[in-house]
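The structure appears below as structure tokens.
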Amino acid sequence: MPVSEQPTPAEPQTATVPQAPTDERGRGRSRRRLRPAAPPPGARVAIVGVLVVVAAVCYLLLFIRGSFQFAFDRRLTTLGTMVVVAFAHAVATVVFQTVTSNRILTPSIMGFDSLYVMMQTAMVFVFGGSALARTDGLPKLVVQTVLMVLFAVLLYRWLFAGRFANLHLLLLVGVVLGLAFGSLSSFLQRLLSPTDYDMLSVRLFGRMSNSDGSYLPLAFTVCLVVGAVVWHRRHRLDTLLLGRDTAVGLGVDHKRELTVLLVLVAVLVAFATALAGPMTFFGFLVATLAYQLTGTHEHRFVLPMAFLLGLFTLVAGQFLMQHVFYAAGFLTVIIEFVGGIVFLVLLLRKGTL
Amino acid sequence: MIQFSDLHKAYQGDTVLGPVTGAIEKGGITSIVGPNGAGKSTLLTMMGRLLDPTGGRVTIEGRDVFTTKSREMAQQLSILRQENQFTARLRVRELVAFGRFPHSQGRLTEDDHRHVAEALEFLSLTQLADRYLDQLSGGQRQRAYVAMVLAQDTDYVLLDEPLNNLDMKHSVLMMRQLRRAADELGRTIVLIIHDINFAAAHSDRIMALRDGEIVTTGTIPEIMRPEVLTDVFDTPVSVLEVDGRPVAVYYS
């Protein structure tokens, strides 16, 4: 436990990074190689950090055709969006799973994404498709975020603080809410004119590459502030892993922590979703991988690890999609797909969650 | 001293405990006994502020357990529940180190490491310190939980059935270790015990509950009498003297 300063081991595997198909193979290999020596958690985080830097440099600088400045600026904006998305989903999922004492549910699975879809659909239904473009801007981003935060806080507080603290019931509630929002959305979508529907459908998939750079300063600020608050609580988060009773016994004000942390989770996910669209399984995938690869329960390692893994997945994935498969738009679809497979492989190999 | 007055707990109008008024004296071991459903765990978890009462209050050394800052309370009072479900996979040493949280807020000092080592040593867990909890037997795990609570270094230690899952040998060992904690470390230990004979052999006082009421509180000779035990457990109990100790017999 008392690990503070680790030398960054220059593992040979760091060199092969960007080419590694998304990441399940590289991950699997490093796991097996790491087992005999088992580097301390700090070193593991550092290794993934190096991978991220390599992937980011490759993404920014390789295969530029035409104007360097133009391509570089666009890619930098996309990279910024990916940082925000990776941070928000990774941190939100880890914190959510810790405060709710489970490693299955994520905010996205608990109806967040379908709420976002429903809000977009309702907006087009009421005001017409052009309203989406007309109202784009900071106020809408903020209003959407606030609405989703309100929804989430009310729901989560009610679900997790009450007498219903039963994982299966929660899963059911999440699925039912998702279905309810989803079917309401598809009902509304059926009533839309084809033009309106077309304008809407662009908003309903996660997108990294065509997000607006002007939101980034605000997004970074939100991430930094939330990140600072969460980091300040990293040791308290560790105690929450012991469950409510033990945490209270250790002097943690459980109700207060639960509320504060769920609000932060809601802010992160709502903001990331409003910024880049829904990504249901991304946080889940990243958090699960982080638990497996960090080698400790401590949040001071798990949180950075989850963020870096998420960023690596996005950057390396975007790089590959853009330059190897020429299908940049499908990144989020692929991540959800590959993520599911990686998750199953790890799950089957380990046999536990 | 732990004092509680008019302490009352009801679920949907059904009273499971109280209103009860009473006190647990400082020092030594107090055992709470009683049949199933008597409200033992309810009383203990409310004293440990894990469960909000429907009415009444609990004070420790004059401080209200529900309104005092949780962190301050955690330096005076520790509680171990019967079931412990952890989300993370922990090593014994990591678990015990959590006991230092009220003092260090997660940043362990030299002093904290010393307390952790002492708690491990005290419960003979030093050899097992680097094992994961899921690699331990039920009894070893139980000892690890108790070590965490002792590492918390509080004057008052509340334990909900610490002998659960323990065989004869380990039950005796656990009780001896708790006895030492009370005698050598000066802790006030309150525990729930199912076996009245264990309670009689190792504790200083017994508090007997039945149907959500405190039937009686007293020293071992006061409680270990056939008429008292028969009344508490609603079962014919006779008390024999074995090696100079009272032993309750209730198997026939």
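No lab work stands behind these numbers, since they all come straight from the coordinates. Values in this document were obtained by computation on a predicted structure and should not be read as measured data. Positions of Cβ are backbone-derived with ideal geometry, glycine not excepted, and every protein chain shown enters the neighbour counts.
The table that follows gives values for the structure above.
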read-out	value
Dimensions (Å) - segment B:29-82, Cα atoms, principal axes, largest first	34, 26, 19
Charge tally in the Cβ shell below 13 Å around A:A247, where Lys, Arg are +1 and Asp, Glu are -1, A:A247 excluded	+4
FRET efficiency, 1/(1 + (r/R0)^6) with R0 35 Å, evaluated for A:I334 and B:D52 via beta carbons	0.10
Three semi-axes of the equivalent ellipsoid, segment B:84-153, Cα gyration tensor, whole Å, largest first	18, 13, 10
Dipole magnitude of segment B:84-153 about its Cα centre (Cβ charges: Lys, Arg +1; Asp, Glu -1), debye to nearest 20	260
For residues of B:96-104, the mean tally of beta carbons on other chains within 10 Å	4
Charge dipole (debye, nearest 20) of the protein assembly as shown; +1 at Cβ of Lys and Arg, -1 at Cβ of Asp and Glu	2040
Relative counts (whole %) of C-alpha pair distances in segment A:96-162, using bins that are 10 Å wide	18, 44, 25, 13, 1
Modelled FRET efficiency - R0 25 Å, B:L136 with B:D195, Cβ distances, 0.05 increments	0.60
Protection-proxy order for peptides A:93-104, A:143-154, each taking the mean of Cβ atoms within 10 Å per residue, highest first	A:93-104, A:143-154
Under 15 Å, Cβ to Cβ, from B:L209 - net charge with Lys/Arg +1 and Asp/Glu -1	-2
Rounded, prolate or oblate (a/c below 1.5 giving rounded, otherwise prolate when a/b exceeds b/c) for chain B by Cα gyration tensor	oblate
Sequence ranges B:147-159, B:100-112, ranked by mean other-Cβ count within 10 angstrom, highest first	B:147-159, B:100-112
Highest-MSF residue in chain B out of B:N36, B:N165, B:N84 [GNM, Cα springs under 10 Å]	B:N84
Distance (nanometres) between label positions extended 7 Å along Cα→Cβ at A:V176 and A:D73	5.2
Computed P(r) (all Cα pairs; segment A:66-348; 5 Å bins; percent)	1, 6, 12, 17, 18, 17, 14, 8, 4, 2, 1, 0, 0
Label point 7 Å beyond Cα of A:S193 along Cβ direction - residues of segment A:123-151 with amide nitrogen under 20 Å	A:123-136
Within 10 Å of each Cβ in A:234-247, the average number of Cβ atoms from other chains	6
Check: segment B:122-252 dipole with +1 on Lys, Arg Cβ and -1 on Asp, Glu Cβ, in debye	460
Average projection area in nm² (convex hull over Cα atoms of the protein assembly as shown, one quarter of hull surface)	31.5
Calculated over segment B:1-132: convex hull of Cα atoms, volume per residue (Å³)	150
Computed E for B:Y251/B:R176 - FRET, C-beta separation, R0 25 angstrom, nearest 0.05	0.50
Environment charge at B:T219 (Cβ cut-off 14 Å; Lys +1, Arg +1, Asp -1, Glu -1)	0
Chain B: relative contact order as a whole-number percent, Cα under 8 Å and 6+ apart	24
Peptide-level mean, for B:74-85, of C-beta atoms on other protein chains within 10 Å	3
Largest-first ellipsoid semi-axes for segment B:136-202, taking √(5λ) over the Cα gyration tensor eigenvalues, angstrom	17, 15, 10
Among B:T154, B:A129, B:H103 the positive-end extreme of the charge dipole of segment B:75-162 (Cβ point charges)	B:A129
Nitroxide proxy distance, nm - points 7 Å out along Cα→Cβ at A:L348 and A:I64	4.3
